[in-house]
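Enquirer: The following block contains the structure, expressed as structure tokens.
The values are calculated or read from the model by the stated rules, or taken from the named source; none is laboratory data. From a predicted model like this one, the values you see are computed outputs, not experimental measurements. Every residue, glycine as well, gets a Cβ built from its backbone with ideal geometry; the counts of neighbours run over all protein chains shown.
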Amino acid sequence: MIFQLNLAAIAAIASQAAWKKAKPVIARDVFFLPALGFLGIIVLWWVVALANHELMPTPPEALVANLDYIFNPFYERGPGNLGIGWLLIASLRRVLIGFVLGAVVAIPLGFLIGMSKSAMLALNPVIQIFKPVSPLAWLPISLSIFHLADPSAIFVIFITSLWPTIINTALGVSSVPQDYLDVARVLEIPRWRRITKIIWPASLPYIFTGLRISLGIAWLVIVAVEMLTGGIGIGFFVWDEWSRLNLSSVFLAVLVIGITGLILDYAVGKLQELVTRRPIASK
């Protein structure tokens, strides 16, 4: 009993020593260095604003001008006059609908291409032709099909989300070690069980990599699409504020767009850890 207590005390002391040693590193990596990077951006913004002060506000001026948006993000003051929170939700809704529809189509297609050489030969040229096409080039086509801005924007996000997920899923499926599949054939495991028990788990890291890339591109594209289609959304907000020469609100929108993109990527990363039960390696 005394021996166990001594072991527990030694472990506690070692843990405290390790925490004390790690605290300076955590403070530096998590707080100090990121704060230094943001400070550099703010200083650069300040210098550029002072050189072009007629149009561009300094950081304190932009902060004061945006206090209403910051403290009242969900106000409603008439048709089209909405807080930035509502605009963000509208854009997120379009992105998530298009992204989910894209994933539902892209993952099975990726499996088909990765498992079948015939499917790969048939679909790979199509993917290679359409993948480099700018997402905005699909907007006139979608508008001619749907005649409405909202479904057209969702369609563009859907097309945008397809290619990275298809390519990464196919790569993951084709990268499954052949030995695993040979053993499964020897054991006469049915094809559907091979897919669910061998190929699917081995492909999950690749699939989530494709999903994270697709979601990042989709969030990028929605801003440009909303600038062109108008309506309610964070992209149209940027264009509308620029038309009014209100750069303070544009800077706020840029910050909101960046933070939202970071949160979306973090959420997909956490979902990957939950599904694969493996922490994402970080350098």
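Enquirer: With (1) among the charged types (D, E, K, R); (2) under 23 Å from the mean Cα position of the chain (by Cα); (3) surrounded by fewer than 18 Cβ atoms within 10 Å (Cβ to Cβ) as the list, and Arg94 as the residue in question, which single condition is left unmet?
Expert: (3)
Enquirer: Of the conditions (1) assigned to a helix (DSSP H, G or I); (2) modelled with pLDDT under 90; (3) among the acidic types (Asp, Glu), Asp265 fails just one. Which one is it?
Expert: So the condition that Asp265 fails would be (2).
Enquirer: Provide a single number: the residues in segment 99-111 that are touching a residue at least 12 places away in the same chain (Cβ under 8 Å) and of a type outside the set (Gly, Ala, Ser). Full working, then the answer.
Expert: Within segment 99-111, the first condition is being touching a residue at least 12 places away in the same chain (Cβ under 8 Å), and the residues that meet it are 99, 101-103, 105-107, 109-111.
Subset that is of a type outside the set (Gly, Ala, Ser): 99, 101, 105, 107, 109, 111.
Within segment 99-111, residues that are touching a residue at least 12 places away in the same chain (Cβ under 8 Å) and of a type outside the set (Gly, Ala, Ser) number 6.
Quick grid of which residues meet (1) under 17 Å from the mean Cα position of the chain (by Cα); (2) buried (at least 16 other Cβ atoms within 10 Å of the Cβ):
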site: Arg77; (1), (2): no, no
site: Leu82; (1), (2): no, yes
site: Leu109; (1), (2): no, yes
site: Ser118; (1), (2): no, no
site: Leu123; (1), (2): no, yes
site: Ile129; (1), (2): no, no
site: Ser142; (1), (2): no, yes
site: Ile157; (1), (2): yes, yes
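Enquirer: OK, next. Within segment 67-75, can one find any residue that is surrounded by 15 or more Cβ atoms within 10 Å (Cβ to Cβ), part of a helix (DSSP H, G or I) and either in the same structural domain as Leu215 (by TED's automatic domain parsing) or in contact (Cβ under 8 Å) with a residue 40 or more places away in the chain (or both)?
Expert: Within segment 67-75, one or more residues are surrounded by 15 or more Cβ atoms within 10 Å (Cβ to Cβ), part of a helix (DSSP H, G or I) and either in the same structural domain as Leu215 (by TED's automatic domain parsing) or in contact (Cβ under 8 Å) with a residue 40 or more places away in the chain (or both).
Enquirer: Within segment 234-274, track down each residue that is in contact (Cβ under 8 Å) with a residue 24 or more places away in the chain, under 20 Å from Val100 (Cα atoms) and exposed (fewer than 13 other Cβ atoms within 10 Å of the Cβ).
Expert: none
Enquirer: When segment 213-234 is examined, which residues are found to be modelled with pLDDT under 90, in a helix (DSSP H, G or I) and not aliphatic (A, V, I, L, M)?
Expert: Listed by number, the list holds a single entry, Thr229.
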